[in-house]
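Here's the structure, in structure tokens; my notes come after.
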Amino acid sequence: MPTKVGIIGWPLTTTLSPAMHNAAFDALGMDWYYDAMAIPPDIVREGIP
């Protein structure tokens, strides 16, 4: 199972972070996955996986 990392914010409309980081992880042979997680501030504690 890959290690999941990412950016948390609200709103997240356009971010190049997932493409950039996932390309780097692949190039380095890392079993990691970067995701953009749009989580409203009022539920941030419940929304973090």
For the range 23-48 the number of residues that are touching an Asp or Glu at 6+ places or on another chain (Cβ under 9 Å) and not aromatic (Phe, Trp, Tyr) is 1
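Residues checked against (1) in contact with a Pro (Cβ under 8 Å, 6 or more places away or on another chain); (2) surrounded by 13 or more Cβ atoms within 10 Å (Cβ to Cβ); (3) modelled with pLDDT of 95 or more:
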residue	(1), (2), (3)
21	no, yes, yes
24	no, no, yes
29	no, no, yes
45	no, no, no
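The values are calculated or read from the model by the stated rules, or taken from the named source; none is laboratory data. The shown structure was predicted, so the numbers you read here are calculated from the model rather than taken from an experiment. Cβ coordinates were reconstructed from backbone atoms using ideal geometry, including for glycine residues, and neighbour counts include every protein chain displayed.
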